[in-house]
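Encoded as structure tokens, the structure appears first; notes follow it.
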Amino acid sequence: MARSEKVIEIRQIFHLEEFQDVLRLQKAIWGFDDVELLPLRFLVVVSKVGGHVFGAYDGPEMIAFCFAIPGVKPGNMPYLHSHMLGVLAPYRDLGIGRKLKVRQREDALARGIKLIEWTFDPLEVKNAFFNIERLGAIVRRYNPNQYGLTASPLHGGLPTDRCYAEWWLDSPRVETILAGGKVDSSPRLRIAYPADIARIRAEDSKRARAIQHENAGKFQRAFAEGLAVTRFERADAEGAYLLEPWK
């Protein structure tokens, strides 16, 4: 059976042996050193204090996962911070990440939670398109070097700058986008990265760092002025975040 024809099961997980698979995938997907892995005991706590852990399975094998941590916003509004989502390389571009996010949304809404947030690397333009155009998240925060330097080759030795995705689960925007529709926008600013930024990061870290630093300043100034990322454009030469005023 071809990969695209396989039935992938998404299920919530609770047990130590299942969490072992999450550790295995962390190593396989990101190449983390052991000291950087989120341990079993942390996943156990997440599953018992109002968070959730989901696995995606091809038969008996876990091939993707995600998990979220509970939090409280000012005004006592509960939300979930979706800390990690990963898919093994042979299973990417099959919609598995989206299925995991939709399952997270279903669980959150069933418990009266209206917001899920997560961080993502703004240099990962494919992830940016997914978060903004496929899920309907917006972005209003940028944090330089969120997690410090890591051993992961995917980070290329650069600071771990992160955007914060806000996913307002029952908003008309999100419902429209998940249903395959489009939302109106009036972009006032665009912040672009070369389409081959992944290659640049791997081959020319000095140039990648210069691009990262310059755009970090643009994001921070735009967010301070009340703009938010609401769209993402992909072209052969670049990927661009589109920003507009947001209330």
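What the table below lists for this structure:
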{"read-out": "Check on Asp21, more than 24 Å from Gly112 (Cβ to Cβ) and modelled with pLDDT of 95 or more", "value": "yes"}
{"read-out": "Residues of the range 47-89 satisfying the condition of being more than 23 Å from Cys163 (Cβ to Cβ) and of a type in the set (Val, Ile, Thr)", "value": "Val49, Val53, Ile63"}
{"read-out": "Counted residues, the range 182-225 - those being of a type in the set (Ser, Thr, Tyr), surrounded by 14 or more Cβ atoms within 10 Å (Cβ to Cβ) and modelled with pLDDT under 95", "value": "1"}
{"read-out": "Selection from the range 43-81 of residues that are assigned to a strand (DSSP E or B), touching a His at 6+ places or on another chain (Cβ under 9 Å), of a type outside the set (Val, Ile, Thr) and surrounded by 17 or more Cβ atoms within 10 Å (Cβ to Cβ)", "value": "Cys66, Phe67, Ala68, Leu80"}
{"read-out": "Residue in the range 65-73 that is touching a residue at least 60 places away in the same chain (Cβ under 8 Å) and under 20 Å from the mean Cα position of the chain (by Cα) present", "value": "no"}
{"read-out": "The lone exception for Trp167 - which of (1) outside any helix (DSSP H, G or I); (2) over 24 Å from Leu242 (Cβ atoms) it fails", "value": "(2)"}
{"read-out": "Boolean, Gly112 is touching a strand residue (DSSP E or B) at 6+ places or on another chain (Cβ under 6 Å) and at pLDDT 95 or above", "value": "no"}
{"read-out": "Positions within the range 82-91 being under 21 Å from Phe120 (Cα atoms) and surrounded by fewer than 16 Cβ atoms within 10 Å (Cβ to Cβ), in sequence order", "value": "Ala89"}
{"read-out": "Members of the range 132-143 found to be without any contact (Cβ under 8 Å) to a residue 60 or more places away in the chain and closer than 20 Å to Ile197 by Cα, listed by number", "value": "Asn143"}
{"read-out": "Some residue of the range 2-13 being assigned to a loop (DSSP other than H, G, I, E, B), touching a strand residue (DSSP E or B) at 6+ places or on another chain (Cβ under 8 Å) and without any contact (Cβ under 8 Å) to a residue 40 or more places away in the chain", "value": "no"}
{"read-out": "Residue in the range 83-94 that is out of contact with any strand residue (DSSP E or B) (no Cβ under 6 Å at 6 or more places or on another chain) and either part of a helix (DSSP H, G or I) or of a type in the set (Val, Ile, Thr) (or both) present", "value": "yes"}
{"read-out": "Residues satisfying the stated conditions in the range 162-197, i.e. aliphatic (A, V, I, L, M) and either over 18 Å from Leu135 (Cβ atoms) or without any contact (Cβ under 8 Å) to a residue 24 or more places away in the chain (or both)", "value": "Ala179, Leu189, Ile191, Ala192, Ala195, Ile197"}
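The values are calculated or read from the model by the stated rules, or taken from the named source; none is laboratory data. Just so it is clear, the model here is predicted, and its values are computed rather than measured. Glycine gets a Cβ as well: all are built from the backbone with ideal geometry, and neighbour counts include every protein chain shown.
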